[in-house]
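Here's the structure, in structure tokens; my notes come after.
The values are calculated or read from the model by the stated rules, or taken from the named source; none is laboratory data. Predicted model, so just to flag it, every value in this text is computed and none were measured. Backbone-built Cβ (ideal geometry, glycine too); neighbour counts: all protein chains shown. Accessible surface is based on the protein model in full, side chains and every heavy atom, while ligands, DNA and RNA are left aside. Shrake-Rupley method; radii C 1.70, N 1.55, O 1.52, S 1.80 Å.
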Amino acid sequence: MARYNYSISNEVFEQFPGYMRGVVLAKGVVNRPSPGDLLELLRGAEEEARGKLNAEKLIEDPHIQPWREAFRAFGAKPGDHRSSIEALARRVLRGDALPSINALVDIGNIISLRHLLPAGSHAIDRLTQDIALRVAKGDESFIPYGEEMVEHPLRGEIIFAEGNIVLTRRWVWRQSTHTLTQLETRAVEFNVDALPPVALETVDAACMEICGLVEAYCGGRIRYEVLKKDHPQMSLQV
């Protein structure tokens, strides 16, 4: 795999100086359907989240409310475009059992529910250039998961992108088809996102748990870094 870099633009930190993104890299993995014990961890994480969250005060939760404010700050209505952790929390509080997709995707959901943080994976086998979390110009291309029509982000919204291809719109809202983590995925990166008041120790703990679960269920070479204002870039080499 060619040498690519991963960065977060200064514009993001200018707007949200306390933001952190843990990035777990795993290469040479063997993805597979989740075995029974990994599914038990997913169900346990669902129950754990139900015990922590209050459905009537969900939008006031310190893990949910900062994302609603962040979305509002760049022009997205939080009631119309919910962060991935809010959407996941609402599903769990309804009593829904999350569908098992595959081991790598399920690991992201387990960690997201355990720590109540946006956490998800992107297959990086197909990358042809650097990737970045940055502010959209508005001319980038995005094909939402499950759809075929190309759409464009709004100028000023925060996007995760490979060049002009949007991988995730509205920061932690909706992923594209371009980097879906599938059974044939052999190289993946997980993002673990945190806004204040979440501490660095929580992001570290979540990343270390991902490393352990990926090693146990999918193998591969694994490492992580936490990108933040004073460390905005890393290599995608493992």
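Please give me the summed charge of the neighbours of residue 155: other residues whose Cβ is under 11 Å from its Cβ, Lys and Arg +1, Asp and Glu -1. Numbers along the way, then the final one.
Details: positive: 137; negative: 139, 140, 157.
Surrounding charge for residue 155 is -2.
I'd like to check one number: the per residue accessible area of the range 1-80, probe 1.4 Å, reported in Å² as a whole number. It would help to have the intermediate numbers written out before the result.
On the way: 4050 Å² over 80 residues.
With the other protein chains kept in place, the range 1-80 gives 51 Å² per residue.
Computed per residue of the chain from DSSP H runs no shorter than four, each worth -39500 (n - 2.57), the mean residue ellipticity at 222 nm is -9500 deg cm²/dmol.
Mean Kyte-Doolittle of at least -0.5 and a Cα length of 15 Å or more along the axis: which whole DSSP H helices of the chain meet both? Could the numbers behind the result be given before it?
Values: long enough: 36-52 (24 Å, -0.75); 103-115 (18 Å, 0.86); 200-217 (26 Å, 0.91).
Answer set is 103-115, 200-217.
The distance from the alpha carbon centre of the range 95-112 to that of the range 45-70 is 18 Å, rounded to a whole number.
Here the chain is assigned +1 on the Cβ of each Lys and Arg and -1 on the Cβ of each Asp and Glu. Its dipole about the Cα centre then comes out at about 140 debye. Between residue 183 and residue 32, full extension at 0.36 nm per residue minus the direct alpha carbon distance yields a gain of 53.8 nm. Here the average projected area of the convex hull drawn through the C-alpha atoms of the range 1-58 stands at 7.7 nm².
Across the protein chains, with a 1.4 Å probe defining accessible surface, the residues 20, 149, 208 rank 149, 208, 20 from largest area downward.
The mean sequence distance of close C-alpha pairs (under 8 Å, at least 6 residues apart), as a share of the length of the chain, puts its relative contact order at 38 percent.
Comparing 183, 227, 207 along the charge dipole axis of the range 173-238, the residue lying farthest to the positive side is 183, per the Cβ-charge model.
Atom-type composition of the exposed protein surface of the range 96-171 places 53 percent of the accessible area on carbon and sulfur (1.4 angstrom probe). The residue list 28, 15, 92 was ranked by how far each Cα lies along the charge dipole of the chain toward its positive end, using unit charges on Cβ atoms, and 15 comes out on top.
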